[in-house]
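A short write-up of the structure that comes next.
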Amino acid sequence: MEKVKVIIDGREFEALKDTPVLQVAHENGVYIPHLCHNEEISNSGGSCRVCLVEAHQGGRMRMVTSCNYPVRKGLEIKTDTEFVHKIRKGVLELLLARTPDAEAIQKLAAAEGITEPRFKKDEGEDNRYKCIACSLCTQVCEDVVGVSAISMQNRGGDKKPGTPFKKPATTCIGCGACAYACPTGAISLKEKDGVRRIWQQDFPMIRCSVCDRPYIPEKQVEWIVKTTGKERSFFDKCPDHR
């Protein structure tokens, strides 16, 4: 693989050609705030716009999303300019107005000096709640888990993930990967008395034979056994007691 040199905030780094700028920056200790990018999902990112940076190349400057912009020869990235902060503030102000209850948004906005957006806030646990419509949850469900139990629905400001026809999805295995991946905690996942509840469904969980702690939905185990051929007995014990 070809290696190229890239300059980020005045420091020169070497990286494989086409590696995302965000990855190169974080590997070298340069922080760029972001929300919708997940390294496990190859096509994730680019939705929230929080990671916008200046990309200088060939005498031109462009604002790009660092999570999916590839490093190339002669590229210089600036993450901390007055213009970057101005754009980032605008993005975060809009996200804060859409999801004022999202702690992750509040924290990023506060870092840019924003505590109250200029726009009307959509407060409360309504149909959008903390969702920024980045679709990371649906990508995880499809690309990592491989079940496609949820999809993005509606358009514009009402866009959000959901199950088909807002009914329990027969393909959902209750793994919770969507909730764990969500950058704003918008997906409800609750566990009580050995039952996990997510997407309007209850999933009975298997208890560890050693500590008696419920740790994985029965339906998730059935799916793993079916698709990978792993022995069912492997799940008799939780990861802490294998």
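The values are calculated or read from the model by the stated rules, or taken from the named source; none is laboratory data. These numbers come from a predicted model, not from an experiment. Note that we place each Cβ from the backbone using ideal geometry, even for glycine, and neighbour counts take in every protein chain shown. Ligands, DNA and RNA are stripped out before the accessible areas are found, and what is left, the full protein with its side chains, is counted by its heavy atoms. Shrake-Rupley method; radii C 1.70, N 1.55, O 1.52, S 1.80 Å.
Quick rundown of the values:
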quantity: Pairs where the first residue, in the range 2-29, is in contact (Cβ under 8 Å) with a residue 60 or more places away in the chain and more than 23 Å from Glu40 (Cα to Cα) and the second is of a type in the set (S, T, N, Q) and open to solvent by less than 70 Å² (accessible area, probe 1.4 Å), C-beta under 6 Å, 6+ apart; calculated: Asp9/Thr79
quantity: Ala97 in contact with a Pro (Cβ under 6 Å, 6 or more places away or on another chain), closer than 18 Å to Leu35 by Cα and modelled with pLDDT under 95; calculated: yes
quantity: The listed residue being open to solvent by 50 Å² or more (accessible area, probe 1.4 Å) and hydroxyl-bearing (Ser, Thr, Tyr), out of Thr138, Thr171, Thr184; calculated: Thr171
quantity: Scope the range 41-58; condition assigned to a strand (DSSP E or B) and of a type outside the set (S, T, N, Q); matching residues; calculated: Leu52, Val53, Glu54, Ala55, His56
quantity: Of all residues making up the range 187-198, the number that are over 18 Å from the mean Cα position of the chain (by Cα) and open to solvent by less than 70 Å² (accessible area, probe 1.4 Å); calculated: 3
quantity: The range 15-50: number of residues that are open to solvent by 30 Å² or more (accessible area, probe 1.4 Å) and hydroxyl-bearing (Ser, Thr, Tyr); calculated: 3
quantity: Qualifying residue in the range 59-74 (condition: touching a residue at least 12 places away in the same chain (Cβ under 8 Å) and closer than 28 Å to Ala169 by Cβ); calculated: no
quantity: Members of the range 215-242 that are open to solvent by less than 60 Å² (accessible area, probe 1.4 Å) and farther than 14 Å from Cys175 by Cβ; calculated: Gly229, Cys238
quantity: Sole residue being in contact (Cβ under 8 Å) with a residue 12 or more places away in the chain, open to solvent by less than 30 Å² (accessible area, probe 1.4 Å), β-branched (Val, Ile, Thr) and closer than 25 Å to Ala15 by Cβ, chosen from Val53, Val145, Val91; calculated: Val53
quantity: So Ser151, is it without any contact (Cβ under 8 Å) to a residue 40 or more places away in the chain, open to solvent by less than 60 Å² (accessible area, probe 1.4 Å) and small (Gly, Ala, Ser); calculated: yes
quantity: Per-region count, the range 1-40, residues assigned to a strand (DSSP E or B) and under 19 Å from Val84 (Cα atoms); calculated: 5
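One line per residue, one yes/no per condition, for (1) part of a helix (DSSP H, G or I); (2) open to solvent by less than 60 Å² (accessible area, probe 1.4 Å):
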residue	(1), (2)
Arg62	no, no
Lys86	yes, no
Asp101	no, yes
Ala104	yes, yes
Ala109	yes, yes
Thr115	no, no
